[in-house]
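The values are calculated or read from the model by the stated rules, or taken from the named source; none is laboratory data. Since this is a predicted model, take the numbers as computed values, not measurements. Quick reminder, even Gly has a Cβ in these numbers, built from the backbone with ideal geometry, and neighbours come from all protein chains shown.
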Amino acid sequence: AQERYASIRDTDAVSACGERVHLVMNAGLMADLPSLASSGAEGVGLFRTELQFLVRNQMPKRSELSALYSKVLDSAGGKKVVFRTLDIGSDKVLSYMKPTDEPNPALGWRAIRVGLDKPGVMRMQLQALVRAANGRPLTVMFPFVAQYDEYRAARAEMDKALERERILGHPLPETLEVGAMLETPSLAFAPRRFFEEVQFLSIGGNDLKQFFFAADRENERVRRRYDTLNVSFLSFVQNIVDRCAETGTPLSFCGEDAGRPVEAMCLAAMGLRTLSMRPASIGPVKSLLLRTDLGALRGVIEQAREDGLQSVREPVMEFLRSQG
Ligand code: PEP
Ligand code: MG
């Protein structure tokens with residue numbers, strides 16, 4: 001399938017009306033990295049570090065992690081990689097950690113909540129990342145941040161890792177960007193100061209949608225019940241885009257919807273400028289983007305909302321078909 005899009009692999013992702021959108025990819029294992037070149041992705045917008053923990057049967061050592069992250073940066077060859085710290089709990093359970101028996105794991109002790117309450121593993125991981133960067137640029141993102149103080153506490157852990165590295169006499173990252181995933185509705189309403197302080201945000205659409213509609217992403221009965229192009233959800237995302245624009249906070253979207261061409265066009269039309277998706281989606285999304293007038297699509301979305309539709313999908317599909 002990637003061959004079909006080979007001819008546009010090195011073409012910049014620019015809409016028919018001239019808007020530049022950055023298409024980056026999701027990854028989690030070394031084996032994913034060759035897709036950077038074959039898909040034409042501009043970088044890794046989400047590196048799910050928990051996959052490395054999930055495929056093993058014991059806790060990796062810091063030196064192993066740092067060797068792995070260093071190899072990831074090597075094979076990215078200067079393209080940006082956004083490392084997301086461990087996102088375990090809920091659907092992702094490590095066999096070598098004490099199991100927690102929770103009534104609602106998706107709403108439970110997971111991701112950054114574990115990282116902050118039991119900081120040993122997160123500290124080790126941050127140290128490994130700083131060591132792996134070895135003077136190169138480093139980008140780190142914390143999952144499942146629900147309120148401002150969680151970001152601040154995680155950021156403080158990052159600063160501690162830097163200080164430790166400095167004392168040990170190792171080179172510090174050339175540049176460091178520390179961001180958060182916006183996966184809970186609460187974070188969209190955080191104080192303006194949070195938006196000013198965080199260096200970037202990435203919408204985790206899979207979780208955000210699950211919590212927005214209160215529909216379990218793992219439950220076959222309800223997971224497809226609500227449309228991503230539902231006007232309520234789009235308004236919510238638009239509000240996030242607008243708040244980030246006010247404070248100049250870089251924003252991306254990294255849920256599965258970023259890789260669905262129709263959804264991706266709507267996100268781009270709403271102002272998202274970076275979409276992170278599985279590598280196989282880069283070609284199809286770029287192909288549609290090159291043909292799409294995002295300005296006109298914005299008008300179609302606004303009109304559908306004014307018309308009182310529940311979802312903008314039908315008029316959007318009609319518009320996309322009409323442009324050939
Ligand atoms: C998300 O929630 O949209 C996301 C990208 O993270 P994950 O799917 O790993 O929870
Ligand atoms: Mg998530």
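Summary table
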| item | result |
| --- | --- |
| Flag for Q199 being part of a helix (DSSP H, G or I), surrounded by fewer than 21 Cβ atoms within 10 Å (Cβ to Cβ) and more than 13 Å from ligand 1 (Cβ to nearest atom) | no |
| Hey, A190 assigned to a loop (DSSP other than H, G, I, E, B) and either buried (at least 17 other Cβ atoms within 10 Å of the Cβ) or more than 12 Å from ligand 1 (Cβ to nearest atom) (or both) or not | yes |
| Search result, residues across the range 22-42 that are in a helix (DSSP H, G or I) and either farther than 13 Å from K80 by Cβ or within 16 Å of ligand 1 (Cβ to nearest atom) (or both) | M30, A31, D32, S35, A37, S38, S39 |
| Residue selected from the range 106-148 under the condition within 16 Å of ligand 2 (Cβ to nearest atom), touching a residue at least 24 places away in the same chain (Cβ under 8 Å) and surrounded by fewer than 17 Cβ atoms within 10 Å (Cβ to Cβ), by the criterion nearest to R192 (Cα to Cα) | R113 |
| Residues within the range 76-88 that are assigned to a loop (DSSP other than H, G, I, E, B) and within 16 Å of ligand 1 (Cβ to nearest atom), tallied | 4 |
| Top-ranked residue in the range 233-275 [being assigned to a helix (DSSP H, G or I) and among the charged types (D, E, K, R); ranked as farthest from ligand 2 (Cβ to nearest atom)] | E246 |
| Single condition R166 does not satisfy, out of (1) in a helix (DSSP H, G or I); (2) more than 16 Å from ligand 2 (Cβ to nearest atom); (3) buried (at least 19 other Cβ atoms within 10 Å of the Cβ) | (3) |
| Residue check, K92 surrounded by 15 or more Cβ atoms within 10 Å (Cβ to Cβ), modelled with pLDDT under 95 and farther than 16 Å from L162 by Cα | yes |
| Members of the range 206-221 that are of a type in the set (A, V, I, L, M) and either more than 8 Å from ligand 1 (Cβ to nearest atom) or more than 18 Å from C254 (Cα to Cα) (or both) | A214, A215 |
| Count of the range 217-232 residues which are within 16 Å of ligand 2 (Cβ to nearest atom) and either surrounded by 14 or more Cβ atoms within 10 Å (Cβ to Cβ) or part of a helix (DSSP H, G or I) (or both) | 3 |
| Selection within the range 89-126 - assigned to a loop (DSSP other than H, G, I, E, B) and of a type in the set (D, E) | D91, D101, E102 |
| Filter pass, R20 being of a type outside the set (G, A, S), within 25 Å of G271 (Cβ to Cβ) and touching a residue at least 60 places away in the same chain (Cβ under 8 Å) | yes |
